[in-house]
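The values are calculated or read from the model by the stated rules, or taken from the named source; none is laboratory data. Treat the numbers as computed from the prediction; the structure is a model and nothing was measured. Quick reminder, even Gly has a Cβ in these numbers, built from the backbone with ideal geometry, and neighbours come from all protein chains shown.
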């Protein structure tokens, strides 16, 4: 079947009846559709695509994995709404000459005080509006915190997710998302395939024996890719703080930053972490920093 809406549910149902279920990404089935699109042509395309020896399949997710991903998606939605609401408060107050510093926590702390301070030159309807928006912002922030606590509690009950947190730059949210999204890591032949599936490797436009690499492909799950890149950015900042304090730093990262900007280095670091995570999932092993350092040399 194509891996579309409801496909994992029907895959589990069919597996319970003894069928061998193969889920395929729709983008891999589309090239086999002949002429016009209809149910008959789609069925023929699926039969043709599934017989290809090089076809890559999607792992069937369990109910628990789908539940964890649902929590992640709900959290992601709340974070977007929280950011949009904080920006709206910023913009509305700036129209009245009240400019607050950037940052969500600044708005959470100061917006309520601005609405309650009668010395501010704000009309009464504006005070009421800012008060309502501030209350809604606090509710969204509390909901995000509750979902993060729910994710953290689920991580403690999963040994694989706890092991992945040993990798620098990987926290409970990222480890939970990786395990729930990837599922069976053995479906990937190596770590580079996982990194390519997450869109962390360059796009190619090669021809005639000439290799031409472009920017990263940004294919696959954008949520997991974003988490890995944010974790890499935090590692770069921590590396800079260690250098400023005169402590030892990551030699591989230092060499990379000496010839590339921080954004490119963050993607490269996320790529490296994705390959490390694949190895840990497939081999059920602990994180070994000494092995990473030897590979970098």
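Using the structure shown, decide if residue 288 is on the phi < 0 side of the Ramachandran plot and at pLDDT below 90. For residue 288, the condition - on the phi < 0 side of the Ramachandran plot and at pLDDT below 90 - is met.
Which one of these is assigned to a loop (DSSP other than H, G, I, E, B), buried (at least 16 other Cβ atoms within 10 Å of the Cβ) and at pLDDT 90 or above: 167, 179, 107?
Details: 179 fails: assigned to a loop (DSSP other than H, G, I, E, B); 107 fails: assigned to a loop (DSSP other than H, G, I, E, B).
Step by step, each of 167, 179, 107 is checked, and only 167 is assigned to a loop (DSSP other than H, G, I, E, B), buried (at least 16 other Cβ atoms within 10 Å of the Cβ) and at pLDDT 90 or above.
Meeting the requirement of 2 or more residues that are surrounded by 13 or more Cβ atoms within 10 Å (Cβ to Cβ) and modelled with pLDDT of 90 or more, the helices (runs of 4 or more DSSP H) wholly within region 1-85 are 7-16, 39-50. Taken residue by residue, region 60-75 has at least one member that is touching a residue at least 12 places away in the same chain (Cβ under 8 Å) and touching a strand residue (DSSP E or B) at 6+ places or on another chain (Cβ under 7 Å). Selection of region 240-258 for residues being closer than 26 Å to residue 194 by Cα and assigned to a helix (DSSP H, G or I) yields 251, 252, 253, 254, 255, 256, 257.
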